[in-house]
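Asks: Have a look at the structure that comes next, please.
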Amino acid sequence: MPYIKSSDINKIYNSIKKRKKLVHVLKYKNKVGNPIGFDISLINKFKNIKGQFGAKFMVKRLKNETNFIKVSSMKIFKDFDLKKDFN
């Protein structure tokens, strides 16, 4: 995720410190993306995750316990995993 800035990471960090929510996620319009911050109390739930259930599943499941942090650009969600991503 080359476009993520330290200020975006700091937004998640500050949200975790200030809010009483379990999940802290960046959001641009209706798109939610990584990185995602989780309250330490969820660690045992993550240890029990199997198969296709990951962080995004936890965000959906805990929507009412999520602090959505607005960002100004969708560009931060761009990831470079495949060769075609560099084109």
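Coordinate-derived values only; no laboratory data. For clarity, every value in this text was computed on a predicted model and none was experimentally measured. Note that we place each Cβ from the backbone using ideal geometry, even for glycine, and neighbour counts take in every protein chain shown.
Asks: Around Pro2, under 13 Å between beta carbons, what's the net of Lys plus Arg minus Asp minus Glu among the other residues? Write out the running numbers ahead of the final one.
Replies: Numbers: positive: Lys5, Lys75, Lys78; negative: Asp8, Asp79, Asp81, Asp85.
Surrounding charge for Pro2 is -1.
Asks: Just the number, please: percent antiparallel of the DSSP beta bridges in the chain, rounded to the nearest 5. Before the final figure, lay out each step's value.
Replies: Working: 6 of 11 bridges.
Percent antiparallel among DSSP bridges in the chain is about 55.
Asks: For the chain, what D do you get in µm² per second when you plug the Kirkwood radius from alpha-carbon pairs into Stokes-Einstein at 10 °C and 1.306 mPa s?
Replies: Numbers: Rh = 13.9 Å.
Estimated via Stokes-Einstein, D reaches 114 µm²/s.
Asks: Provide the convex hull volume over Cα atoms per residue for the range 1-49, in Å³.
Replies: 104 Å³
Asks: If you don't mind, another one. Please compute the modelled spin-label separation between Ser72 and Ile40, points set 7 Å along Cα→Cβ, answer in nm with one decimal.
Replies: 3.4 nm
Asks: Hey, in the GNM for the chain with a 10 angstrom Cα cutoff, which one of Ile16, Ile76, Ile40 fluctuates hardest?
Replies: Of Ile16, Ile76, Ile40, the most mobile in the Gaussian network model is Ile40.
Asks: Taking the Cα centre of the chain as the origin, how large is its charge dipole in debye, to the nearest 20, when only Lys and Arg (+1) and Asp and Glu (-1) carry charge on their Cβ atoms?
Replies: Numbers: 22 positive and 6 negative charges, 62 e Å.
Once rounded to the nearest 20, the dipole reads 300 debye.
Asks: With a cut-off of 8 Å between alpha carbons and a minimum separation of six or more residues, what is the relative contact order of the chain in percent?
Replies: Relative contact order for the chain comes out at 42 percent.
Asks: Roughly speaking, what is the centre-to-centre gap between the range 7-29 and the range 30-87 when only Cα atoms are used, to the nearest Å?
Replies: Centre-to-centre (Cα) distance: 12 Å.
Asks: Sticking with this one: Working from Cα positions, state the angle (0 to 90°, nearest 10) between the long axis of helix 6-18 and the longest principal axis of the chain.
Replies: Helix 6-18 and the main axis of the chain meet at about 10 degrees.
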